[in-house]
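Enquirer: Take a look at this one; I'll ask things after.
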Amino acid sequence: MKIIVAIKQVPERDARIRIDAEGTWIDLQDVEFTLNESDAYALEEALQLKEEHGGEVVVLSAGPERVGKTIREALAKGADRAIHVESDDLAAYDALGVARLLAAAVKDEQADLILTGLQSDDLGLGQTGVILAELLGLPHASLILKIEAAEGGVKVLRELEDGWFQHVELPTPAVLTIQSGNSKLRYATLMGIKKAKTKEVRRVTPLELAAEPEASVVVLERVLLPNKQRTTQILGGSPAEAAAALVEKLRFEVRAL
Amino acid sequence: MSELTSGVLVFLEIKNREISRISWEAMAAAHTLAEGHGLSVDVALVSSPGNPIFETIHGKAPRTVYAIDHPLLHEYTADGFAAAYAQLIEQVNPSYVVFPHTYQVRDFAPCLATRFKQVLISDVTGIETHAGAETAPPTFIRQLLQGKLNAHYRHRGTGPCFLSIQAGAFRADAAEAGATTLATFEPRLDAAKIRTKPGEPFRASAQTVDLGSASILVSVGRGIKEEANLPIVQELATALGAELAASRPICDSGWLPMERQVGSSGQTVAPKVYLAIGISGAIQHLVGMKGSQCIVAINKDENAPIFEVADYGIVGDLFDVVPALTAAVLKAKG
Ligand SMILES: Cc1cc2nc3c(=O)[nH]c(=O)nc-3n(C[C@H](O)[C@H](O)[C@H](O)COP(=O)(O)OP(=O)(O)OC[C@H]3O[C@@H](n4cnc5c(N)ncnc54)[C@H](O)[C@@H]3O)c2cc1C
């Protein structure tokens, strides 16, 4: 089975949030980056499928040079090779634009499965995988927890709302967007880290991929810190003082104790 | 796209034989948009036109209510829905297409928008219309970084603008009878073009705890760091006579069973007191607990979005605050 996993590098969850000079994103100075959470699960699913059925796992990522580090980490965990769509200017593309780049980068790969995380922890658009399927003319299923090989394709476990699930069968090649949480993520071994250094990373630029970049139809104009309309009563003091104050509130105002 | 447009087309969803609450909220968002731009609102729903549910479509007069009816739509597939919706959109030719941001919409709406060379503006929490609205397009607000940042988006160019509306962001319109025309829309669908085969929905496991009946919930999030630290929240729960609940990552890690997960993919709860401990307050968590009578947040990050919904907050390290709280509760209970 040949599996492509599209992964994204995103700011660490507890990154400090300061708005940049242009007012269109956060200041990335001093920000640490990491692999997007649901993408890590997509990679894990791919590696498990390969262990079970053989084949190849190719990671695909778009972004500036620093993304190379996240790609190496994926290679160290066991991916075989990588495609890096290198661009310092991905913010100029909307979701369709990014998906077009990814589609162009993999269209000749003849993969059986393309996996992505279900949404990024930074922009949270939750669309790239689904758009990619449409652009490549492939069937897809989203919010997937588990993948099993089935005749002519795959049988997947899809999460529904409120604790419900369903199985979906679909023919391959197909695109699946993976939800976090189904399996335990692996760590890279020392051996894996060593091997990753020699694995192939093919770098391509948007220009090489798309003859004519198309104008974005949706633009992010500016970002703002949420304006606080909270009515929260913050209980201050030492932990013991705050705790005592909270118990008072719960007893005499909420009447819950 | 032709320049003749009809306005706003809202797609509703049925859940448990009723039009879902989030669908009404999407309708409210559509009205906000329509009023700002002097547009009309049409509504569409996949169902046979004989379904009595159509009589429940209230709100400020939508012009036409389309019953999208076809045997191949009886169970949801992305291929079937995207094809059917695309045909209706071509016929109605709206300026805006509005969806509730549900799992189903997430599954097919990005495809559908792509067919129109558009991009879905997903999970919208606010719409600002501007004076001189005919020329100035509206601003759409959505959250980034799991609620820590807001972004303003704008749609450019011609062609319909696709939006999905976040749960709870708009207040569902109060019932107000409006004249509507029911129109049946029968899409042309080909069974051979539906590539996925969906199975029956099922629930994971028998429920052994009923979070819904607990009057106090102590809910723990990733701030707890390790499974080995869980006893400190368990002790607080015991002291309070509360049930233990959790955010998704805690259940994903297998530290607590999934039946204790609160949020859009878990339980929806509304206890008398909900204590969120080391939980950031992502929207998928908030939708499951924001109906609680009293919300208490304990978090070391004063900017954590959970404080936006909390009644009481303690900004601090849970490893100091929670044991102190347990001690204070035990003392108060004597
Ligand atoms: C389709 C979909 C469905 C989802 N369904 C659900 C769902 O049903 N339920 C759900 O909960 N999530 C759900 N999620 C995930 C959700 O988006 C968040 O990722 C999740 O809720 C985050 O959990 P958390 O708040 O525990 O962790 P984080 O977001 O990592 O927050 C941890 C918090 O702990 C605080 N903290 C850290 N250390 C300490 C300390 N020592 N003392 C005090 N505070 C500390 C941090 O400041 C932070 O605010 C879903 C996501 C998607 C995309």
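None of the figures in this text is laboratory data; all of them are computed from the coordinates on show. From a predicted model like this one, the values you see are computed outputs, not experimental measurements. Heads up, the Cβs are rebuilt from the backbone with ideal geometry, glycines too, and the neighbour counts pull from every protein chain shown.
Enquirer: Please compute the Kirkwood hydrodynamic radius over region A:1-127, one decimal place, Å, based on all pairs of different Cα atoms.
Expert: Working: mean 1/r = 0.0661 Å⁻¹.
Its Kirkwood hydrodynamic radius stands at 15.1 Å.
Enquirer: Next up: With θ set to phi - 60°, apply the Karplus curve 6.51 cos²θ - 1.76 cosθ + 1.60 along region A:108-115 and write out the HN-Hα couplings as whole Hz, x wherever there is a Gly or Pro.
Expert: Karplus-based 3J(HN,Hα) across region A:108-115 equals 8, 7, 6, 6, 7, 9, 10, 10 Hz.
Enquirer: Rounded to the nearest 500, what is chain B's calculated 222 nm mean residue ellipticity when only DSSP H runs of at least 4 contribute -39500 (n - 2.57) each, over all residues? Walk me through the numbers on the way to the answer.
Expert: Working: 7 runs with 81 residues, N = 334.
Counting only the DSSP helices, I get -7500 deg cm²/dmol.
Enquirer: Let me ask something else about it. Got a sec to turn the phi values of region A:55-71 into Karplus ³J(HN,Hα) couplings, 6.51 cos²θ - 1.76 cosθ + 1.60 with θ = phi - 60°, whole Hz, x for Gly and Pro?
Expert: x, 9, 10, 10, 8, 10, 8, 10, x, x, 4, 4, 4, x, 5, 5, 4
Enquirer: I've got another one for you. Averaged over B:208-215, how many beta carbons belonging to a partner chain fall within 10 Å of each residue's beta carbon?
Expert: Taking all residues of B:208-215 together, the mean is 0.
Enquirer: OK, next. If you average the sequence gap of Cα pairs under 8 Å that are 6 or more apart and divide by the length of region A:1-119, what percent do you get for the contact order?
Expert: On the way: 191 pairs, mean separation 44.0, N = 119.
It comes to 37 percent, rounded to a whole number.
Enquirer: Mind giving me the nanometre distance, one decimal, between the label points for B:Ala270 and B:Arg21, set 7 Å out from Cα along Cα→Cβ?
Expert: Inter-label distance under the simple model: 0.6 nm.
Enquirer: Further question on the same structure: How large is the helix-only mean residue ellipticity at 222 nm for chain A, computed as the sum of -39500 (n - 2.57) over DSSP H runs with n ≥ 4, divided by its residue count, in deg cm²/dmol to the nearest 500?
Expert: -8000 deg cm²/dmol
Enquirer: Shifting gears a bit: Using only the alpha carbons, work out the radius of gyration and Dmax of region B:7-193 in angstrom.
Expert: 15.7, 48
Enquirer: In which sequence would B:Ser164, B:Ser292, B:Ser20 go, from the one with the fewest C-beta neighbours within 10 Å to the one with the most?
Expert: Listed from fewest to most nearby Cβ atoms, that is B:Ser20, B:Ser292, B:Ser164.
Enquirer: Test of understanding: in a Gaussian network model of chain B with alpha carbons linked when under 10 Å, which of B:Ala78, B:Ala131, B:Ala297 would top the mean-square fluctuation ranking?
Expert: Answer for the Gaussian network model of chain B: B:Ala131.
Enquirer: Check the straight Cα-Cα distances from B:Lys15 and name the lysines below 21 Å, setting aside those fewer than 8 residues away within the same chain.
Expert: B:Lys197, B:Lys290
Enquirer: Within chain A, what percent of beta bridges assigned by DSSP are antiparallel, to the nearest 5? The partial results should precede the final answer.
Expert: Details: 17 of 44 bridges.
So the antiparallel bridges in chain A amount to around 40 percent.
Enquirer: Just flag the chymotrypsin sites (Phe, Trp or Tyr not before Pro) in region B:100-148 sitting in loop per DSSP whose Cβ has no more than 15 other Cβ atoms within 10 Å. Write out the running numbers ahead of the final one.
Expert: Working: sites: B:Tyr103, B:Phe108, B:Phe116, B:Phe140; in loops: B:Phe116.
Qualifying residues, ordered by number: none.
Enquirer: Quick one: putting +1 on the C-beta of Lys and Arg, -1 on the C-beta of Asp and Glu, what dipole do you get for region B:211-333 around its Cα centre, in Debye to the nearest 20?
Expert: Value, rounded to 20: 260 debye.
Enquirer: Another one. In nm, to one decimal, how far is the modelled label at B:Leu330 from the one at A:Thr231, with both set 7 Å along Cα→Cβ?
Expert: 3.5
Enquirer: Between A:Glu208 and B:Glu226, with labels modelled 7 Å along Cα→Cβ, what's the label distance in nm to one decimal, could you check?
Expert: Result for the modelled spin labels: 4.6 nm.
Enquirer: Determine one quarter of the surface area of the Cα convex hull of the protein assembly as shown, which equals its mean projected area, and express it in nm² to one decimal.
Expert: The Cα convex hull of the protein assembly as shown, projected and averaged over all directions, gives 27.7 nm².
Enquirer: Next up: Defining a contact as two alpha carbons under 8 Å apart and six or more residues distant in sequence, what relative contact order in percent does chain B show? Could the numbers behind the result be given before it?
Expert: On the way: 666 pairs, mean separation 51.6, N = 334.
Over chain B, the number comes to 15 percent.
Enquirer: Hey, if you put +1 on the Cβ of every Lys and Arg and -1 on every Asp and Glu Cβ in chain B, which of B:Ala332, B:Cys294, B:Ala169 ends up farthest toward the positive end of that dipole?
Expert: B:Ala332
Enquirer: I'd like the Karplus ³J(HN,Hα) series for region A:222-231: coefficients 6.51, -1.76, 1.60, θ = phi - 60°, whole numbers in Hz, and an x wherever there's a Gly or Pro.
Expert: For region A:222-231, the Karplus curve yields 7, 10, 9, 6, x, 7, 6, 10, 6, 10 Hz.
Enquirer: Long-range amide H contacts for B:Gly7: which residues qualify at under 5 Å (H placed 1.01 Å from N, peptide plane, sequence gap of 5 or more or a different chain)?
Expert: B:Ser95, B:Tyr96
Enquirer: If you take the beta carbon distance between A:Asp14 and B:Glu35 as r and set R0 to 51 Å, what does 1/(1 + (r/R0)^6) give as a FRET efficiency, to the nearest 0.05?
Expert: The formula returns an efficiency of 0.80 here.
Enquirer: Below 8 Å, C-alpha to C-alpha, sequence gap of six or more: please give me the relative contact order for region A:49-177 in percent.
Expert: In percent, rounded to a whole number, it is 20.
Enquirer: Also, quick follow-up: Within chain A, what is the longest stretch that has no GluC sites (Glu not before Pro) placed in a DSSP loop and near at most 13 other beta-carbon atoms within 10 Å?
Expert: Counting only loop sites that pass the neighbour cut-off, the longest clear stretch is A:66-150.
Enquirer: Here's another thing I want to ask about it. Using r as the Cβ-Cβ distance of A:Thr198 and B:Gln87, and R0 as 56 Å, what FRET efficiency do you calculate, to the nearest 0.05?
Expert: With a Förster radius of 56 Å, E is 0.60.
Enquirer: Now, a different point. Quick one: among A:Leu235, A:Leu60, A:Leu224, which has the greatest mean-square fluctuation in a GNM of chain A with alpha-carbon springs under 10 angstrom?
Expert: Highest fluctuation among the options: A:Leu235.
Enquirer: Evaluate the charge dipole of chain A about its Cα centre and quote only its size in Debye, nearest 20, assuming +1 on the Cβ of each Lys and Arg and -1 on the Cβ of each Asp and Glu.
Expert: 740
Enquirer: Taking amide H atoms as placed 1.01 Å from N in the peptide plane, list the residues 5 or more away in sequence, or in a different chain, whose amide H sits under 5 Å from that of A:Phe33.
Expert: Under 5 Å from the amide H of A:Phe33 lie the amide H atoms of A:Glu12, each far enough along the sequence or on another chain.
Enquirer: Given the Cα-Cα distance of A:Lys69 and A:Asp30 and 0.36 nm per residue of separation, how much length would full extension add, in nm?
Expert: Details: separation 39, 0.36 × 39 = 14.04 nm, distance 1.59 nm.
Length gained, A:Lys69 through A:Asp30: 12.5 nm.
Enquirer: Output the 0 to 90 degree angle, nearest 10, between the alpha-carbon long axis of helix B:230-240 and the longest principal axis computed from the alpha carbons of chain B.
Expert: Roughly 80 degrees between the two axes.
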